[in-house]
Amino acid sequence: MIRNIITQQGEGYIKGDPVKRTEEAVYVKTARYTTCNLEHPHYYISARKLKVIPEDKVVTGPFNIVVSDIPTPIGLPFGFFPITTRSKSGIIFPTIGEQRSRGFFLSQGGFYWATSDKVGIKVTGDYYTNNSYLLAVNSEYRKRYVYDGYAVANYSKVKDGFDDEPFPTNFNIRWRHATLKKTSGKLSADVNITSNSYYRLNSYNPTNYQSSVFNSTVTYSKSFKRSPFNLNVALRQDQNVQTKEMNLTLPEVALTMNRIYPLKSKNSRGDKWFEKINVAYNMNTKYLIKNKFAQAGTITGDTIIPVRDNTLNYLLSKGQTGMSHSIPIGTTIKVMKHFNLNPTLTLQEFWYLEKLDYKYNEVVGRVIADSTTIKGFTRAGQFNFRTDFTTRFYGTYRFKGKTLQGIRHTVNPTITYTYKPDFAEPTAYSNSYQHSYQVLDAQGNPTQYSRYNGFIYGGPSNQVTNSIGISITNNLEAKVRNRKDTTGTAPTKKINLLESVSIGGTYNFAADSLHMSNIVLAYSLSIGGNFNPKAKNKPTVPMNAQNEAELSMINRYPERYVDFSIPWSLALSYNINYSKIGFAAKNITQSLSANGNLSLTEKWKLTVTTGYDFVAQGLGYTTIGITRDLHCWQMAMTIVPFGARQSYFFTITAKSSILQDLKLTKRSPTYFAQ
């Protein structure tokens with residue numbers, strides 16, 4: 001029998017008097033159980049009897065919760081608390097809130113099933129008093145140092161209002177996967193497939209709620225050891241929920257060969273001109289399915305076919321496929337020590353399983369593409385030659401100051417010659433154009449129509465290029481003293497003052513008119529850095545398997561957490577778009593968006609996301625979040641003060657020990673996750 005003992009079991013602390021210990025369990029009377037690690041805990045569970053099975057579970061009789069030494073009526077006839085380091089199944093308590101057009105709700109309540117140490121499945125749901133509901137299945141998986149990821153499937157029947165209108169059905173599928181192991185083959189995935197109105201009806205996340213375009217990618221990359229070849233296989237899907245346009249690539253395969261020097265001997269330094277000749281290879285092929293088609297008898301159009309069960313076979317039959325090959329052959333020749341001549345010959349091939357056939361339509365008086373293409377393997381090719389004559393010179397001004405050491409100005413002039421012939425005439429190398437003698441151009445020649453117009457890789461060009469271009473690129477950088485260096489190994493560092501300022505233009509000798517291109521002036525200015533007025537080191541967190549898994553999630557998804565150690569942050573984005581086509585009226589959009597957070601105290605955090613539309617002269621989607629760090633608890637309220645999503649959320653939950661040590665609070669899942 002032991003009296004007045006305090007012991008730690010898992011993340012919990014147990015205090016009791018008296019305590020009886022056996023080989024199988026520990027029995028405690030007048031027990032207090034808490035996850036708060038302070039000597040005087042903020043809260044605890046008070047039970048007359050408590051049983052502890054080490055490294056397994058804590059079982060209590062009737063208990064109630066005491067907060068700040070004030071007993072509350074909250075309690076249950078019995079309690080069960082797992083204390084093993086392994087994941088455990090259990091009930092997820094919902095978030096309580098109110099939404100203006102749907103009434104009160106319970107959100108993200110459900111059950112967590114720990115299938116193993118590597119996989120966990122969470123089944124949750126939302127329910128509103130207007131009978132709307134959402135069901136979600138979320139599975140997170142992780143194998144230490146090998147891979148991690150999650151998959152989410154959502155199904156909802158949600159509407160605004162309390163009328164008898166039917167509930168629209170929506171779904172959303174998300175999958176994210178990352179390969180952590182250093183290996184030659186890696187699989188990565190970032191999938192977000194959604195019905196057109198899912199985010200509009202279910203999301204409170206400003207980014208998702210206001211987005212119209214969603215993209216999905218699954219990629220497998222493989223590098224072959226002791227070989228210049230690399231393989232990349234990707235599945236891609238992009239959709240616009242406003243226009244209902246969707247493109248699906250199943251799959252896209254890219255095989256690339258890194259640059260090799262076939263004439264360079266094994267032990268040579270490669271100084272001879274012929275040893276610098278290099279060859280590379282790029283192959284790309286894909287199968288593209290889209291639901292936007294040309295109208296009958298035209299080359300372009302905007303007919304969009306909805307993606308449904310009864311249209312899927314038709315969309316698959318209209319899929320496009322093809323293959324492109326590119327072989328650049330180049331070298332570098334030193335001229336008069338200070339100049340480089342870089343000639344490159346690029347060969348290109350286009351392979352398809354069909355080609356267009358054009359016919360003259362007497363009714364409309366023009367040539368149109370036949371709706372029936374010519375089936376069978378077909379190829380076309382083109383080539384171009386390009387050479388650069390370039391050099392680089394510098395100007396340096398040194399300073400005697402303690403901080404600024406010097407400024408260097410780099411000038412890179414380049415003269416470029418490009419030649420590409422006309423591939424419209426039938427040759428052994430290319431036969432990719434069809435000539436129509438019914439329709440003549442301004443010079444009385446037959447009109448040329450590409451047999452690969454609108455194909456995924458296009459086809460050879462029918463324009464001759466014979467041009468010379470001149471460009472001058474400038475860079476300005478400074479060398480300053482490195483204040484962070486205390487060893488003398490890196491006493492100075494370079495800072496880009498002007499990353500790039502360039503001016504240039506080209507003259508095409510083969511053009512019929514307008515031989516001279518526009519003179520282009522471009523500049524790039526890079527400004528970066530970070531500032532933390534209260535920078536301090538994070539406390540060291542004791543590592544175990546559970547803490548390491550959660551720390552990995554914090555590092556991979558930092559946006560899911562509120563960091564109280566950062567006093568404030570602010571991000572502003574200004575967007576203006578002006579467009580005018582012909583005599584049509586101009587179209588102007590102009591908006592300002594802002595998001596930031598402010599630590600009011602060490603325990604209170606304010607987060608605001610908003611925007612202003614200058615054309616509509618009104619505020620955009622706005623959210624206000626207030627978070628309170630209660631050490632062993634976290635309390636958060638998120639408010640959408642106005643608009644169609646007007647609502648509030650309130651959560652208060654216990655924190656894990658690692659979040660207490662790092663001064664982090666996890667965001668409300670209802671607000672952030674959807």
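The values are calculated or read from the model by the stated rules, or taken from the named source; none is laboratory data. In this text, all values refer to a predicted model and were calculated from it rather than measured experimentally. Because the Cβ atoms are built from the backbone with ideal geometry, glycine has one as well, and the counts that use them run over all protein chains shown. In case anyone asks, the SASA skips ligands and DNA or RNA and just uses the protein heavy atoms, side chains included. Shrake-Rupley method; radii C 1.70, N 1.55, O 1.52, S 1.80 Å.
Which listed residue (Thr346, Ser212, Ile304) has the Cα farthest towards the positive end of the charge dipole for the chain, taking +1 on Lys and Arg C-beta and -1 on Asp and Glu C-beta about the Cα centre?
My answer, from the dipole projection, is Thr346.
Which lysines have a Cα less than 30 Å from the Cα of Lys402, not counting those fewer than 8 places away in the same chain?
Correct list for Lys402: Lys479, Lys484, Lys493, Lys494, Lys534, Lys536.
Rounded, prolate or oblate: which fits the stretch 64-197 when a ≥ b ≥ c are the square roots of the eigenvalues of the alpha-carbon gyration tensor, with rounded for a/c under 1.5 and prolate only if a/b beats b/c?
oblate
Can you tell me which of 644-653, 74-83 comes out highest on packing, and rank the rest after it, using the mean Cβ neighbours within 10 Å?
644-653, 74-83
For the ranges 606-613, 487-494, what's the packing order if you count other beta-carbon atoms within 10 Å of each residue, average per peptide, and put the highest first?
606-613, 487-494
Against the longest principal axis of the chain, how steep is helix 545-556, in degrees 0 to 90 to the nearest 10, with axes from Cα atoms?
40
If each of Ile305 and Ile626 carries a label point 7 Å out from its Cα toward its Cβ, how far apart are those two points in nm?
That separation, rounded to one decimal, is 5.5 nm.
Separation of the stretch 212-232 and the stretch 37-69 by C-alpha centroid, Å?
The two parts, judged by their Cα centres, are 52 Å apart.
So if I place +1 on the C-beta of Lys and Arg and -1 on the C-beta of Asp and Glu, and nothing else carries charge, what would the dipole magnitude of the stretch 257-408 be about its Cα centre? I want it in debye, nearest 20.
1360
Under the classification rounded if a/c is under 1.5, otherwise prolate if a/b is larger than b/c and oblate if not, where does the stretch 129-275 fall, given a ≥ b ≥ c as square roots of the Cα gyration tensor eigenvalues?
The shape class here is prolate.
Checking the cross-link filter: which lysines have an alpha carbon closer than 23 Å to that of Lys159, excluding same-chain neighbours under 8 positions apart?
Filter leaves Lys244.
Roughly speaking, what is the centre-to-centre gap between the stretch 616-638 and the stretch 72-114 when only Cα atoms are used, to the nearest Å?
Value for the Cα centre distance between the two parts: 21 Å.
Testing the spin-label approximation: label points 7 Å from Cα along Cα→Cβ at Ile2 and Lys29. State their distance in nm.
Spacing of the two 7 Å Cα→Cβ label points: 1.7 nm.
Where the accessible area of the stretch 242-394 is counted over protein heavy atoms with a 1.4 Å probe, how much of it, in %, is carbon and sulfur?
For the stretch 242-394, the apolar C and S fraction of the accessible surface comes to 56 percent.
Would you kindly derive the ³J(HN,Hα) couplings of the stretch 613-622 from the backbone phi angles with the Karplus curve 6.51 cos²θ - 1.76 cosθ + 1.60 (θ = phi - 60°), listing them in order in whole Hz, with x for Gly and Pro?
Karplus values, whole Hz, x for Gly and Pro: 9, 6, 6, 7, 6, x, 6, x, 4, 10.
What is the stretch 319-386's relative contact order, in percent, from Cα pairs under 8 angstrom and six or more apart in sequence?
Taking the mean separation of contacting Cα pairs over the length of the stretch 319-386, I get 32 percent.
So what's the gap between the Cα centers of the stretch 398-412 and the stretch 234-258, to the nearest angstrom?
Each part reduced to its Cα centre gives a spacing of 47 Å.
Between Val615 and Ile53, what is the FRET efficiency for a Förster distance of 56 Å, r being their Cβ-Cβ separation, to the nearest 0.05?
Result of the calculation: an efficiency of 0.30.
Can you list residues from other chains, or at least 5 along the same chain, whose modelled amide H is less than 5 Å from the amide H of Thr331?
Amide H to amide H, under 5 Å and 5 or more residues apart or across chains, Thr331 pairs with Asn278.
Just to be sure I understand, if you calculate log10 I(q)/I(0) by the Debye sum over Cα atoms at q = 0.08, 0.11 Å⁻¹ for this structure, which of [x] -0.64, -1.18; [y] -0.96, -1.42; [z] -0.74, -1.23 do you get?
[y]
222 nm [θ] for the chain, helices only, -39500 (n - 2.57) per DSSP H run of 4+, per residue, to 500?
Counting only the DSSP helices, I get -1500 deg cm²/dmol.
Which aspartates and glutamates, if any, have their Cα less than 18 Å from the Cα of Lys286, not counting same-chain residues under 8 positions apart?
Asp238, Glu252, Glu349, Glu354
Accessible area of the stretch 154-209 with a 1.4 Å probe: how many percent of it is carbon plus sulfur?
That fraction is 53 percent.
What is the dipole size for the stretch 1-107, taken about its Cα centre, with +1 at each Lys and Arg Cβ and -1 at each Asp and Glu Cβ, in debye to the nearest 20?
It comes to approximately 240 debye.
Could you give each residue of the stretch 462-478 its phi-based ³J(HN,Hα) in whole Hz, using Karplus coefficients 6.51, -1.76, 1.60 with θ = phi - 60°, and x for Gly or Pro?
Running phi through 6.51 cos²θ - 1.76 cosθ + 1.60 with θ = phi - 60° gives 9, 10, 7, 10, 9, 10, 10, x, 10, 9, 10, 10, 10, 9, 10, 9, 10 Hz.
Starting from the Cα gyration tensor of the stretch 13-130, take the square roots of the eigenvalues, sort them a ≥ b ≥ c, and report rounded, prolate or oblate (rounded when a/c is under 1.5, otherwise prolate if a/b is larger than b/c, else oblate).
Oblate.
Let's see if you can work this out: charge +1 on each Lys and Arg Cβ, -1 on each Asp and Glu Cβ, no other charges. What is the dipole magnitude of the chain about its Cα centre, in debye to the nearest 20?
2700
Positive end of the dipole of the chain, charges at C-beta (+1 Lys, Arg; -1 Asp, Glu), about the Cα centre: which of Gly79, Phe423, Asn475 has its Cα farthest in that direction?
Asn475
Using amide H atoms built in the peptide plane, which far-off residues or other-chain residues are under 5 Å from Thr465 H to H?
The list, which skips near neighbours in sequence, is Lys420.
My understanding is that a pair violates if its Cα-Cα distance is over 24 Å; which of Lys15/Lys57; Lys157/Lys318; Lys186/Lys290; Lys375/Lys420 do that in this structure?
Lys157/Lys318; Lys186/Lys290; Lys375/Lys420
Can you give the accessible area of Val307, probe radius 1.4 Å, in Å² rounded to 10?
About 70 Å², ignoring ligands and nucleic acids.
What FRET efficiency comes out for Thr169 versus Gln242 if R0 is 30 angstrom and r is the Cβ-Cβ distance? Round to the nearest 0.05.
0.95
Rounded to whole Hz and in sequence order, give me ³J(HN,Hα) for the stretch 168-185 from the Karplus expression 6.51 cos²θ - 1.76 cosθ + 1.60, θ = phi - 60°, writing x for Gly and Pro.
Those phi angles translate into x, 9, 9, 9, 8, 10, 10, 8, 10, 9, 9, 8, 8, 6, 6, 9, 6, x Hz.
What accessible area per residue comes out for the chain, rounded to a whole number of Å², with a 1.4 Å probe?
Result: 61 Å² per residue.
Using amide H atoms built in the peptide plane, which far-off residues or other-chain residues are under 5 Å from Gly406 H to H?
Phe399, Lys479
Quickly work out the Met516-to-Asn482 label distance, labels modelled 7 Å from Cα along the C-beta direction, and quote it in nm with one decimal.
Inter-label distance under the simple model: 4.8 nm.
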